[in-house]
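J.: Can you keep this structure in mind? I'll have questions shortly.
All of the numbers you see were taken from the coordinates with simple rules; none came from a lab. Note that the structure is a prediction, hence the values are computed from the model and not measured. Cβ placement follows ideal geometry from the backbone for every residue including glycine, while neighbour counts extend to all protein chains displayed.
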Amino acid sequence: MDVMTVRELASELHVARSTVYRWLETGRGPKAFRLPNRELRIKRADFIEWFHKLGAGREIR
């Protein structure tokens, strides 16, 4: 399973980590899950699905 950190997601989208945290807290971001150490992770597949639902025209690797 390919997963991303909040930092990686923010870097991919060229936004601040605080923006990603706000999206996740308000339910406007991709699905995320917490590790036992309370850090957030996002499955790359969930990120890609979320991104395409936004209708963004940019391609993701």
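J.: Among the residues of segment 13-42, how many are surrounded by fewer than 13 Cβ atoms within 10 Å (Cβ to Cβ), not small (Gly, Ala, Ser) and not in a helix (DSSP H, G or I)?
T.: Count: 9.
J.: While we're here: What's the total number of residues in segment 1-20 that are in contact with a Leu (Cβ under 9 Å, 6 or more places away or on another chain) and over 19 Å from LYS53 (Cα atoms)?
T.: 3
J.: Moving on to the next point. Go through ALA10, ALA45 for me and flag whichever is in a helix (DSSP H, G or I) and in contact (Cβ under 8 Å) with a residue 40 or more places away in the chain.
T.: Answer to the selection: ALA45.
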